[in-house]
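The values are calculated or read from the model by the stated rules, or taken from the named source; none is laboratory data. What you are looking at is a predicted structure, and each value in this text was computed from that prediction instead of being measured. Methodologically, a virtual Cβ is constructed for each residue, glycine included, from the backbone with ideal geometry; neighbour enumeration extends over all protein chains shown. Calculation scope for accessible area: heavy atoms of the full protein, side chains included, ligands and nucleic acids excluded. Shrake-Rupley method; radii C 1.70, N 1.55, O 1.52, S 1.80 Å.
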Amino acid sequence: MPLNLLSVSRSFLKRLKSFHYDPQRGFSSGSASLSSVSLKGRSCLTLKDFSSDEIKRLLWVSGDLKHQIKHEKQYLPLLQGKAIAMIFEKRSTRTRMSTETGFALLGGHPCFLTSQDIHLGVNESCTDTARVLSGLCDIVLARVYSHATLEELDREASIPIINGLSDLYHPIQILADFLTLQEHYGYLSGLTVSWIGDGNNVLHSFMMTAAKLGVHLKVATPKGYEPDKSVIEEAQKLSKQYGTQLVLTSDPMEAAHGSNVLVTDTWVSMGQEEEKKRRLKDFQGYQITMQTGNVAKPDWTFLHCLPRKMEEVDDQVFYSSRSLVFPEAENRKWTIMGLMVSLLTDYTPQISMPKF
């Protein structure tokens, strides 16, 4: 079989596992009940590919694992006998620790691979790497520079691929953010999240997810730092579909007005160090302070995916009781565990379905 046809066949078969057949309506990716949603065999490159029910299912499983393991002190070796390859082109504290400790806690074996161990696409092609790893492990998490690298890995692999971060999306961070908000507020639908900062991969993932959970999204970025146009177009469609509000502005105070949650991220990501001086100038006025919170709702909270710099948010907010950054960081572990369990098993949550 020609190489390109073989790649298409593998990719199609992987995605076919995610669909449910209804004799009356044909194939559909949704489900009326979260208990019947199955994600086994799927990859997670972007939450754009996941329905509202599928994202809610991931949050439900994540919250369940946190309750069973952390609070009930249960041992759940759901991934015993399984292995994960963790490819890291970019360093990370939270992504490495959450994945490595989470997979081990579930009874599996994590293998950490840096660019010195596996020079992806240089020492060995992505195609060959994907096929080799498909025979050696059960799932791959890759933290890469280019989203295209993930797409190539996913095309050629016969096992699930998880996006640990790319230049376009950071889905595992957003799952942690929404689990944190759900725990804090007791619900998600109707909340307003305000992003104040760079139009980056984390924001893109918010834009692909918020509307599906009934969350309004207000975005303030400096001119020239707006989100990707194709992401904006898709987010606008989702907002219309789910009846949520999507606001794009360059005024931080306009974005913060009436918001439940203020969110920011680094203004200078890895690989942008040479732009630091210009970026700091362009982002003047975007620091989140208590003054920013004065125009938000009385119950406002703050999120940041870390690591944090002073210019992004001052100490008064960052270390205040309104800051959820450390529960948010911990939830990186429970949500990556929930995702890995969902992609590799048919696990059914033991706790009642939370309110969304």
Quick one: what are the phi-derived ³J(HN,Hα) couplings along region 71-83, Karplus 6.51/-1.76/1.60 with θ = phi - 60°, whole Hz, x for glycine and proline? 8, 8, 6, 8, 9, 10, x, 5, 10, 4, x, 9, 9
For a quick check: with amide H placed at 1.01 Å from N, whose amide H comes under 5 Å from A83's, ignoring anything fewer than 5 positions away on the same chain? H109, D138, I139
Under 5 Å from the placed amide H of L78, counting only residues 5+ away or on other chains, we find none
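Divide by every residue of the chain the summed helix terms, -39500 (n - 2.57) for each DSSP H run of at least 4, and state the resulting mean residue ellipticity at 222 nm, rounded to the nearest 500 deg cm²/dmol.
Numbers: 13 runs with 137 residues, N = 356.
The per-residue figure over the chain is -11500 deg cm²/dmol.
Using the Cβ atoms and a cut-off under 11 Å, what net charge is assigned to the surroundings of L280, where Lys and Arg are +1 and Asp and Glu are -1? Don't skip to the answer; put the middle values down first.
Values: positive: K276, K277, R278, R279, K281, K309; negative: E275, D282, E311, E312.
Its environment carries a net charge of +2.
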Tell me which label goes with the value of Rg/Rh (Cα atoms, Kirkwood Rh) computed from the coordinates here: (i) 0.98; (ii) 0.96; (iii) 1.12. (ii)
Ranked from the most accessible area to the least, with a 1.4 Å probe and all protein chains present, what is the order of L191, L168? L168, L191
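What does the accessible area per residue of the chain come to in Å², with a 1.4 Å probe and no ligands, DNA or RNA counted? Provide the component values of the computation, followed by the final result.
On the way: 15660 Å² over 356 residues.
For the chain, the solvent-accessible area averages 44 Å² per residue.
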One finds the C-alpha centres of region 127-193 and region 314-354 to be spaced, in Å, by 15
For W267, solvent-accessible area (1.4 Å; no DNA, RNA or ligand), Å²: 10
What are the ³J(HN,Hα) couplings of region 323-337, residue after residue, when phi is run through the Karplus curve with 6.51, -1.76, 1.60 and θ = phi - 60°? Round to Hz, x for glycine and proline. 7, 10, 5, 7, x, 4, 5, 5, 5, 4, 5, 5, 7, 5, 5
Percent carbon-and-sulfur accessible area, region 98-167, ignoring ligands, DNA and RNA, probe 1.4 Å: 48
Could you pull out every one of the aspartates and glutamates with an alpha carbon less than 14 Å from that of K70, ignoring same-chain neighbours closer than 8 positions? E330
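Calculate, in nm to one decimal, what S125 and F112 gain on full extension: separation in residues at 0.36 nm each, minus their alpha carbon distance. Please report the intermediate quantities before stating the final value.
Details: separation 13, 0.36 × 13 = 4.68 nm, distance 1.87 nm.
Gain in length upon complete extension: 2.8 nm.
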